[in-house]
1. What figure, in Å² to the nearest 10, do you get for the accessible area of B:PHE152 with a 1.4 Å probe and non-protein molecules left out?
2. Would you calculate the separation in nanometres between label points at C:ASP122 and A:VAL201, each defined as 7 Å from the Cα along the Cα-to-beta-carbon direction?
3. Under 1.5 on a/c is rounded, so check that first for segment A:162-270, then, if it is not, pick prolate when a/b is larger than b/c and oblate when it is not; a ≥ b ≥ c are the square roots of the alpha carbon gyration tensor eigenvalues.
4. Rank by packing, highest mean first: peptides C:201-208, B:35-42, with packing defined as the count of other Cβ atoms within 10 Å averaged across residues.
5. Name the residue from A:TYR124, A:VAL338, A:ALA34 whose Cα lies farthest towards the positive end of the charge dipole of chain A, charges +1 on Cβ of Lys and Arg and -1 on Cβ of Asp and Glu.
6. Could I have the simple spin-label model distance between D:LEU127 and C:GLU231, label points 7 Å from Cα toward Cβ, reported in nm to one decimal?
7. Counting only protein heavy atoms and rolling a 1.4 Å probe, how much accessible area do B and A lose on contact, total for both sides, in Å² to 100?
8. Once you've got the GNM for chain D with C-alpha springs shorter than 10 Å, pick whichever of D:TYR207, D:TYR189, D:TYR140 has the biggest mean-square fluctuation.
Amino acid sequence: MTLRDIPVLFNGPQTLGRGKLFWLGVAAVIVAAAIYPQYAERFAISNTAYFGVWVFMALGLGLIWGYGGMLSFGQTAFFGLAGYAYGVIAINLGAAHSYPFLALICALAIGTAFAAVLGYFMIYGGINGVFVGIVTLSVTLAFATFMNQTAGPQWRIGRARLNGYNGMTRIPSLSIDWLDGHRIRFEGATFYYLVLGLLVVTYLALRVLVNSRFGNVLVGTRENPERVELLGYDVRRYQLGAFTIGGFLASLSGALYTAWGNFIVPASMALPAAAMPIIWVAVGGREDLTATLVGSFVVLYVFQALTVVSQEYALVAIGALLVVTVLIAPGGYVIWAVDMASRLRRRAGPSPPLSDPALKARTQRG
Amino acid sequence: MSMLRNLAIASAAGLMLGVSAAAALADDKPPLKIGLLEDHSGDIAIFTMPKVHGAHLAVDEINAAGGILGRKLEIIEYDPQFDNAKFQEFARRLIEKDGVQVIFGAATSASREAIRPIIDKDNALLFYAQQYEGGVCDGNMIGTGGVPEQQFSTLIPYMMEKYGKKVYVIAADYNFGQISTEWTRKLVTEAGGQILGAELIPLGVSQFGQTIQNIQKAKPDWLMTLVVGNAQSAFYEQAAAAGLHIPMGSSITIGLGFEHKRFKPPTMQGMHVVMNWFEEIDRPAAKAFVARWHAKYPNETYINDMGENEYSAIYMYKKLAEMAGSFDLDKIRAQIATGKACIDAPEGQICIDPKSQHASHQMTLLSVNADHSVKVEKVWPRVDPYWLGQIGCDLTKDDPKEQYTPSNLPSK
Amino acid sequence: MAKLLETHGLTKRFGGVTVIDDLNFGVDEGTLHCLIGPNGAGKSTLFKLIVGRHSPTAGSIRFRGRELTHLSTAARIHAGISIKMQVPGIFPALPVAQNLTIALQHRLGRAETRREVERLLDFVGLAADATKPAGQLGHGQKQWLEIAMAISLRPTLLFLDEPTAGLSPDETFRTGEMVLALKRDGMTVLVVEHDMTFVRQIAESVTVLHFGRVFAEGTIDEIAANTAVQEIYLGSTGHAH
Amino acid sequence: MTAFVYQFLAFAYQVADVFAFLVLAAGGLAIIFGMMGIINMAHGEFITCGAYVTTALVRAGLPLPVGIVMGALFAGVLGIALERTIVRRFYNRPIDSLVVTWGVSLIATQGALLVLGSAWTSVGTPLGSIGFGDYSFALYRLVMLAVAIGVLVGLYLLFMKTRFGVHARATMQNPAMARALGVPTERIYAQTFGLGAALAGLAGGVYAPTLTLSPTMGTGFVVESFVTVVVGGADVLTGTAPASAVLAIIRAACTAAWGQVFGLIGLLVTVCIVIRVLPEGFSGWLMRRRA
């Protein structure tokens, strides 16, 4: 491997956007995001970090659904499990030293392990298509139903009361003891930077992943699992891999959400919550990481803005937005917008760097 | 789409209009922003909309009379859509972006628990105008709804005396239902009664065939119903249709869910409820309040206790600020500590208990007749929220910011 | 000499229907063998049994003397079998070149993969369409792309299930040339085919399958002259090519 | 001995009650999913719609059965309108159809709250009750069971004995072939969607007297109906009916033994197990046995 090979790792047919212009844009966005807290008010910083927290789950679903072709309707099960795990462990260990950070790691391990087990049960059990959605939805609903009734004092793990429908509160924020004994508490702008850093790393890592051999086989599986198998790949292993990574990312969202709000409730695993990631990803664009990332972020922002502006009309407006988006931009509005832009530019001048036939195929398919 | 846009524009314009009207009224001082965080949509919106109306009615009246300490009030409100994450989102927004120091809001215990840490962290003030399971000992919260000692320790002895000692309980399977069941069990056994069965039902369940059979099998003297939400209230219809004629007691029907207005008579016959407010309360101040309300909101089916509690909460805030001569939380709490923070609410006089920061209430026991008219069986002129103080919560000395239950008492 | 592939007493029943019935059949190494038979003779089922999409009700399949029956599909592919299915099995949303990359990447490095993709695209005449989504190719081109994917594995034994279905006569001829070229390179090829013109173009030996059994075997001329075969297949179905 | 008989009767009644609920709740969803591959997230809103129309008509003075039929018809017409305007664009895109119908459901629920207001008085359950030993049962629940069985019989006749049924089954098995044979597949899709919506409306109408009316009431049916459709598989007749029966027994038994929570959890666990063992549901399994 030489230095010149590195761009190859991040670019490929599985991701839109390549070339200097695109990467300069990415760098500009990261720089802008990094200096944003210097200029924004406190609420805007924490609100942006809050949106960012959900994007991990969206990216995970994008990997499972957009790239792997399996619609998981139950990412919230991993979200919730990791959230509860973080809560239980952090409350038991206390906020001293780097304990909350340790709790985060354990929560991720628990959420991911559960995703791996559930994925194994489904994928090696021959469940596919829409039934993956139904099983995952059933799991998250059963989990939510169960947690709802844990209000009683007998539902206690160590010092942590599960506390039923009302959820667990007063969960310690994330913090870590640095080597020199300096204590970093991830709140406000610090939490923002943590989320930003993790998002950048996750985005780049997923780009490498989907453009790797693994990603090639995964999209092949989405397109034609039989063919992939006849090329000598064990399809199930790749699907399980994607499902587990998606579960890991949902767990990351869940644990970070819990650490941010010091709070987790069963409702975060119930039906409306479970539908949300699908909406973000479907509306933003599922077959491309950048589209999922940008799309989810914008959808989260727009939904909140609509709720603030239109109060009780918000849900009507959100519903209409979904219908319209799916009608005119079935592949997601980000991919649609990129395609429109490139079509306009093609009319105006030489062929643009972003447009390619594969993109067109994506926007035309459902 | 254009209709939607019009809707959006219209509502945005309405919002602006309200703001500018309020601004025009204010003379020299800027208006005081207060946050309102109640569900306008979602499963319980039909019960929480009266809270929104009550808050607006109170603010309109107060502004028309010159505001608080010479400042008009301006409501900043968001619709959290029955979603706890949105409650948090908007509580932060209200405090951090809109700069409010006092929030009126949250209906379910879950939404209250979701925003309480945020309120505490920013040292803001939450008025929780909600009948609930009780037990929150938090200096940043003032509770103006009924609590179990006010509702159960009045209702249960009455029912046991009148109907008998064998009780069956059905309750929503979450914190409110479970803690209320704990209370019922405690009070019934203390009075020498017997709980024949306590059935917990998941939220959202609407089919009660098996439950009705279980009750028939147990043959209780009366039934305590603590079912919650739209789906679960179908119990009453199904029980009546199955011919389960049994006296019932509850802390949340009629006054909160106005089931006597929503079901066809005689479904709710034999229901007994203790609450601090019913629209039917016969008292001049209450009658005048009901008339003012219906003049402003002619389509309101029923002014439930949530609506009246929210209305009173805003007046209580006015009283406290005026006593303190300031909107500062510490000064307000100093006034609460005097034990003299009382107002004449539509229901009667209410005072804030210094130890628990919950309101005392005049409690009324109603029973429902076959034609769904109601009958006042008994009135307790003043019941204090004594339980928290009794178990050791004293907010004048210490602020644990905890929620206690009969099975989770403060460690001494 | 042992056969490259042989079946012994192979049987497959679906419910009450016997599709493959005590079949004994073999393919010699280095030959180009055609399998023909009327609709419902069990040709596609046989393929699916061999690659492990179905498991047999009874009997065995041996490849290079090794029992296949209990291996996974992937393991059979690794053992040196490759297949092109009847319906073009491509990745429609992915670019043509990437279709082949997926096929090649598990045995080659990045640079070699790229070179091999180019070579294969040249071989099947799709070099100009490398960046097109495969779904936008013509029907014949899709068949060729899948053939390219199948041979990219460098199999010892290549199965082609109706490679000319739906192709024009010209495309059919070009397909025949490709198959002959593969055979010249030393690949053993087993073709299921309806089109007798195509069979005449390529085949050395032919097996006729009927009701899940071997009905006749021989060179194309012998089979063509076999009146019993004509009756069950050529004559009665009206496929007189 | 009589106590045992009463116990048994009581249990049978519970099973029948849950069975009726599942058949009525799931019928409309199953037809739309089975025939068209569309997951209709607005299913619950059609139920709500039927309930509101029925209640409004009964309060206007019409008899309940007329109100129920009108409620079903109204929901059916709305269903056809939705199919013609939006859903027809999504036949090859099941997941997008899920998103789009979810959007419609959001608009419908909140729109209903804004337009219809919050609290409606329900019309009350007719027919009174009947007693056995300690127990008494609402007679109307038996009417529900009769309606559920009537729906199954009606669907059987519709799909097996009518021209629409033949066309519909042909369209379901192979749309392209059906079109080539002159079946008006477009119209069949619209009618099927309308039928599914009308069945949902019927469920809403039948249950309206026993429930509290609210714009979100349809959501109370959704989980159970999805579960039934999944366990049943694509075909209403060979799937929904047996699935409802099996699930009714499981739920009634779990509820009787351990309470409502485990009734619900038992249902969800059953789904996971059934999908694992019978990936195509009961109907797929029956088909294969028949093949």
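The values are calculated or read from the model by the stated rules, or taken from the named source; none is laboratory data. Everything numeric in this text was worked out from a predicted model, so none of it was measured. All Cβ positions, glycine included, derive from the backbone under ideal geometry; neighbour counts span all protein chains shown. Surface accessibility is based on the protein's heavy atoms, side chains included, excluding ligands, DNA and RNA. Shrake-Rupley method; radii C 1.70, N 1.55, O 1.52, S 1.80 Å.
1. We get 0 Å² for B:PHE152.
2. For C:ASP122 paired with A:VAL201, the spin-label model returns 4.6 nm.
3. oblate
4. Values: C:201-208: 20.5, B:35-42: 25.5.
Most protected by this proxy first, the peptides run B:35-42, C:201-208.
5. Positive-most Cα among the choices belongs to A:VAL338.
6. For the pair D:LEU127/C:GLU231, the computed spacing is 6.8 nm.
7. Approximately 3700 Å², summed over both chains.
8. D:TYR140
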